[in-house]
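Visitor: This is the structure, below, for whatever I ask next.
The values are calculated or read from the model by the stated rules, or taken from the named source; none is laboratory data. If you're wondering where the values come from, they're calculated on a predicted model, not measured in any experiment. Virtual Cβ from ideal backbone geometry, glycine too; neighbours counted across all protein chains shown. Surface accessibility is based on the protein's heavy atoms, side chains included, excluding ligands, DNA and RNA. Shrake-Rupley method; radii C 1.70, N 1.55, O 1.52, S 1.80 Å.
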Amino acid sequence: MAEVANIFMFLSMFLAVVVVPLAQGSDDLTRKIRPGKEKVTQIHCYYHNVDHGDNPTTVTVAMAPNSMKSPTGFGIVRVLDNPLTTGPDPKSKLVGRAHGIYAVDGAFDFNILMLVDLAFTDGIYNGSTVNVVGRNHVAAGVRDTPIVGGTGVFAFARGIVTMTNYYLNFTSGLDAIIEYNLTIIHY
Ligand SMILES: *[C@@H]1O[C@H](CO)[C@@H](O)[C@H](O)[C@H]1NC(C)=O
Ligand SMILES: *[C@@H]1O[C@H](CO)[C@@H](O)[C@H](O)[C@H]1NC(C)=O
Ligand SMILES: *[C@@H]1O[C@H](CO)[C@@H](O)[C@H](O)[C@H]1NC(C)=O
């Protein structure tokens, strides 16, 4: 017991020497450790999954042998670089892009796992990102997917994206326009 206590004392001396000067010595580090008061930001935009024509923004990179026989496309993995715009019209103002991948993980109901970064390019959000990671239950119509982090203005973010299907067309793959209502808690 005494030995264990000695080890802790030794370690805490070591930590006091190493950690305290680091935290005090760097304004940047201190700012990041103690970011200040939390804010809530809401962003409204539209996500365009373009799966037709010569310049699709979503491509299939892998699938299971029987994915195409599944009613949901179970097992399909896709990579995306989708525009985010102010309105449902693809020609409306571009405010960012969604980069990432999703996998169809619903065998009976259309459900995907998203690993997507929303990279904003407009105004004060230019260069900032949020990370959308989790279940996207497309079949539900209106659903929430978690925001688990971010960078820039959105450093240390958490929140949700409420998604609403605006347009879905499965004729030639998956063309979709989804309304995104982001609620972001950040500093
Ligand atoms: C966003 O930032 C990049 C890099 O700093 C810059 O090149 C670009 O013009 C900016 N875009 C807008 C719309 O402000
Ligand atoms: C669905 O997509 C197909 C192929 O791109 C297109 O020909 C058709 O017009 C679309 N349907 C609607 C309702 O937009
Ligand atoms: C998303 O935001 C828009 C604009 O603020 C609003 O009209 C719409 O009702 C919201 N949708 C959902 C599902 O919250």
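Visitor: List residues of the stretch 90-109, by number, whose backbone nitrogen lies under 12 Å from a label position 7 Å along Cα→C-beta of D122.
Guide: Once the point is set 7 Å along Cα→Cβ of D122, 90-97 turn out to lie under 12 Å by backbone N, inside the stretch 90-109.
Visitor: For the stretch 158-165, in order, what is each residue's ³J(HN,Hα) by Karplus, 6.51 cos²θ - 1.76 cosθ + 1.60 with θ = phi - 60°, in whole Hz (x at glycine and Pro)?
Guide: Values per residue, Gly and Pro as x: 8, x, 9, 10, 8, 10, 10, 5 Hz.
Visitor: May I ask you to derive the FRET efficiency for R135 and K91 from their Cβ-Cβ distance with R0 = 22 Å, giving the value to the nearest 0.05?
Guide: With R0 = 22 Å, the Cβ-Cβ based efficiency is 0.10.
Visitor: To the nearest 10 square angstrom, what accessible area does H137 show with a 1.4 Å probe?
Guide: Roll a 1.4 Å probe over it and H137 shows about 40 Å².
Visitor: Which distance in nm do the two modelled labels at A62 and V79 give, with both placed 7 Å along the Cα-to-Cβ direction?
Guide: My value for the distance between the label points is 1.2 nm.
Visitor: Still on this structure, I have one more. Taking 25 Å as R0, compute the FRET efficiency from the Cβ-Cβ separation of Y167 and K39 and round it to 0.05.
Guide: So, using R0 = 25 Å, E works out to roughly 0.20.
Visitor: Also, quick follow-up: If r is the Cβ-Cβ distance from S70 to H99 and R0 is 35 Å, what FRET efficiency results, to the nearest 0.05?
Guide: Calculated value: 0.85.
Visitor: For the stretch 108-134 and the stretch 164-185, what is the separation of their C-alpha centers, rounded to whole Å?
Guide: Distance between centres, Cα-based: 13 Å.
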